[in-house]
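Peer 1: Please find one structure pasted underneath; my questions will follow.
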Amino acid sequence: MQLEALVQESIRSVLDRLGLSPPEIPVDRPPRRELGDLSSRVAFLLAKEARRSPQDIANDLAQALSGHPAFSQVQAVQGFLNFFLRPETLHEVLRRVLREDLAYGKGQEGAGKKLQVEFVSSNPTGPLTIGHGRQAALGDVLANIFSELGWEVTREYYLNDEGRQIELLAQSLWARYRQALGDPQPIPEGGYHGDYLIPIGQELAERFGNAYPEWNAEAKKVFRNEVVPRMLRLIEEDLEAIGVRFDVWTREGDIIRKGLVDEVLQRLRERGAIYEKDGAIWLSAKTHGLGRDPVLIRSDGTPTYLMVDIAYHLDKFRRGFDWVVDVQGADHIEEQQQVKLALRLLGLPEGFLSYCLHQFVTLKGAEGIEKMSTRAGKFLRLKDLVDEVGRDAARYFMVMRKPESHLVFDFELAKKQSLENPVYYVQYAHTRIASVFREAQARGELPADLLSVDLSPLKEPEELRLIMELDRFPDVLRVCAREFGPHLLCEYLENLAGIFHPYYARVRILGQGAATPARLALLAGIKLVLFRGLSILGVRAPEEM
RNA sequence: GCGCCCGUAGCUCAGCGGAUAGAGUGCCGGCCUGCGGAGCCGGAGGCCGCAGGUUCAAAUCCUGCCGGGCGCACCA
């Protein structure tokens, strides 16, 4: 049993005897060590009902808990109930961690349920930038976390390979093609200026010669067909660099062909949620509190991106997902409100769709802070970033901040192979432990079975603190899932490593008689949790570095 | 103007109803002849953007204001 549950149960049993029943039994980590290992503010919640002071209630509870075998002491301080754990209680925690091994932290919260995580979903108009990198890492790590909690997770990329942006892209390529032939055609208004189209233009100039002197319907078709697969290849290279694989790619055209656009329109019409104006079809969003009414069907009869996106989400529902999480940038906020409104009007279950919204990335490097734009051709390609700092640092840095906060990617720090770099700090703890085990093996000090060693020599304060930290791991994963906040896992791992390193510096592991096997067991537990955490982040946990 | 997000140590950021607000980095001062010194220990450094309100209790919730980001297309 986890410590939090242990404390809760102990309190509950006592409350029953006293005839009190709080709405919940909160268990916290006290801010300072002298206040115990765990605490509860339950007395505050009972004060009103019992018409007694919190301190008074806490006194009674502490008194009633005084003989509990798991605690060396239970104190009532200013209304708080503070628990001091006996070392044996913590030793049992460590033993449980080692016993659960690679399953430690896993859960059944999502068992039997299907979750789709949609992320990146960048239009194939160019390679991915570091901004997409944040989304790639976030989506992938969230998917990992939900898998740990039992969900059957599908990673999905929504590919928008039609429409006006692709046309502009094709025309931009055509202009590069003309330029390669010595015809100084300009990049179209709102077109794509990136260098990545130049070599393709040259290649097509060699292949086609002067076959397409005009930007007409035929050229449009040819250049569109040339450019999209090439852009997709670039995107796949970027995704591979950062270590992300998708299970399903869905194209906008697939959704339209399934007839879902017509069905959605029909159902919205029945609800009186759409109207016609200026030859287009609009969604009545203002009457539902949104800022403006968006167009669903243009006056030329084609559906807007929003329209297809709504239909796409109906499709997700039909495909049997119990829950969908879309990872999107801050520039999609308005659309998110519109999609959610439409799904509500369509009668989909509330909560079927959640958005993990993230702010943008700026790059802090030797050249200062850069702003990026794919259209203007001003960006750092994701693959180039990964090549420079490595996949581990790239992934770690992308998720180490709260998604809804801006991320300043410190390029120089990410490259550093020293403990200033948080990813190395965590990895180094893992490596260090691996090294100790190699040494223990060489010296013949490695016990055959760590599970059955006597843990009673573990009584140094850091040792008990480390076990307390190991106990938190399952809970950290759950909070990460609930908050869409993988950064909390990074913080946890840094904290764990941050207790281990000083401990290691102060306390010798090998050659310490009965303490050695016990400390090796502790190190095995730390190594396991570091490995589990780093794996979930998609970061290597090296044996040597 | 409207919507959403963010203003916490010099810098990058955690904490988001509870007890003296934390970490990393930077700065200052000590250590370091053993399992990986790619370190370790200590110190200084904060009207938690501002002003009200709710609460036994507010960095945390509510309102207003100020500052920054993003969006407000028959683009995606």
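The values are calculated or read from the model by the stated rules, or taken from the named source; none is laboratory data. Predicted, not measured: the structure shown is a model, and the values here were computed from it. For neighbour counting, all protein chains shown are included, and Cβ atoms are generated from backbone atoms with ideal geometry for every residue, glycine included. In case anyone asks, the SASA skips ligands and DNA or RNA and just uses the protein heavy atoms, side chains included. Shrake-Rupley method; radii C 1.70, N 1.55, O 1.52, S 1.80 Å.
Per-residue answers, yes or no, for (1) of a type in the set (Ser, Thr, Tyr); (2) part of a helix (DSSP H, G or I); (3) open to solvent by less than 10 Å² (accessible area, probe 1.4 Å):
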site: A:Asn123; (1), (2), (3): no, no, no
site: A:Leu142; (1), (2), (3): no, yes, yes
site: A:Ile166; (1), (2), (3): no, yes, yes
site: A:Gln179; (1), (2), (3): no, yes, no
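Peer 1: Could you please give the count of residues in region A:312-339 that are open to solvent by less than 50 Å² (accessible area, probe 1.4 Å), in contact with an Asp or Glu (Cβ under 9 Å, 6 or more places away or on another chain) and within 13 Å of RNA strand B (Cβ to nearest atom)?
Peer 2: 8
Peer 1: Then there is this: Going through A:Ile281, A:Ile274, A:Ile235, A:Ile310 one at a time, which residue ends up being in contact (Cβ under 8 Å) with a residue 60 or more places away in the chain and of a type in the set (A, V, I, L, M, F, W, C)?
Peer 2: A:Ile235
Peer 1: Kindly indicate the residue of region A:494-540 that is small (Gly, Ala, Ser) and within 9 Å of RNA strand B (Cβ to nearest atom) and also surrounded by the fewest Cβ atoms within 10 Å (Cβ to Cβ) among those meeting that condition.
Peer 2: A:Ala505
Peer 1: Scan region A:1-29 for residues that are among the small types (Gly, Ala, Ser) and farther than 24 Å from A:Glu469 by Cβ and jot them down.
Peer 2: Result: A:Ser13, A:Gly19, A:Ser21.
Peer 1: Still on this structure, please answer the following. Taking the conditions exactly as written (part of a helix (DSSP H, G or I) and in contact (Cβ under 8 Å) with a residue 60 or more places away in the chain), does A:Leu464 satisfy them or not?
Peer 2: Yes, satisfied.
Peer 1: Tally up the residues in region A:291-307 that are under 22 Å from A:Tyr355 (Cα atoms) and more than 8 Å from RNA strand B (Cβ to nearest atom), please.
Peer 2: 3
Conditions tested, residue by residue: (1) within 12 Å of RNA strand B (Cβ to nearest atom); (2) out of contact with any Asp or Glu (no Cβ under 9 Å at 6 or more places or on another chain); (3) open to solvent by less than 60 Å² (accessible area, probe 1.4 Å); (4) modelled with pLDDT of 95 or more.
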| residue | (1), (2), (3), (4) |
| --- | --- |
| A:Phe223 | no, yes, yes, yes |
| A:Arg233 | no, yes, no, yes |
| A:Glu240 | no, yes, no, yes |
| A:Arg257 | no, yes, no, no |
| A:Gly272 | no, yes, yes, no |
| A:Leu283 | yes, no, yes, yes |
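Peer 1: Looking for something among the aromatic types (Phe, Trp, Tyr) and more than 13 Å from RNA strand B (Cβ to nearest atom) - is there at least one such residue anywhere in region A:466-489?
Peer 2: Yes, the conditions are met somewhere in region A:466-489.
Peer 1: Could I ask something else about it? State which residue is most open to solvent (accessible area, probe 1.4 Å) when the search covers only region A:473-485 and only residues that are free of Cβ contacts under 8 Å to residues at least 40 places away in the same chain and of a type in the set (D, E, K, R).
Peer 2: Step by step, filter region A:473-485, then rank; the result is A:Arg482.
Peer 1: If you go through region A:192-210, how many residues are farther than 19 Å from A:Pro124 by Cα and either open to solvent by 60 Å² or more (accessible area, probe 1.4 Å) or not assigned by TED's automatic domain parsing to the domain that holds A:Ala180 (or both)?
Peer 2: Summing the residues that are farther than 19 Å from A:Pro124 by Cα and either open to solvent by 60 Å² or more (accessible area, probe 1.4 Å) or not assigned by TED's automatic domain parsing to the domain that holds A:Ala180 (or both) in region A:192-210 gives 5.
Peer 1: Quick check on region A:340-359: of everything there that is surrounded by 16 or more Cβ atoms within 10 Å (Cβ to Cβ) and part of a loop (DSSP other than H, G, I, E, B), which residue is nearest to RNA strand B (Cβ to nearest atom)?
Peer 2: Top of the filtered list is A:Gln359.
Peer 1: Restricting to region A:7-60, what's the tally of residues that are within 13 Å of RNA strand B (Cβ to nearest atom) and either touching a Ser or Thr at 6+ places or on another chain (Cβ under 8 Å) or closer than 22 Å to A:Thr89 by Cβ (or both)?
Peer 2: So the count comes out to 21.
Peer 1: Also, quick follow-up: Just a yes or no: is a residue in region A:205-216 on the phi > 0 side of the Ramachandran plot and in a loop (DSSP other than H, G, I, E, B)?
Peer 2: Yes.
Peer 1: Let me ask another. Here's a check for you: in region A:413-437, which residue that is of a type in the set (S, T, N, Q) and either open to solvent by 30 Å² or more (accessible area, probe 1.4 Å) or touching a strand residue (DSSP E or B) at 6+ places or on another chain (Cβ under 6 Å) (or both) is nearest to RNA strand B (Cβ to nearest atom)?
Peer 2: Checked region A:413-437; the qualifying residue nearest to RNA strand B (Cβ to nearest atom) is A:Ser435.
Peer 1: Provide a single number: the residues in region A:438-455 that are open to solvent by less than 80 Å² (accessible area, probe 1.4 Å) and either among the aromatic types (Phe, Trp, Tyr) or assigned to a loop (DSSP other than H, G, I, E, B) (or both).
Peer 2: 7
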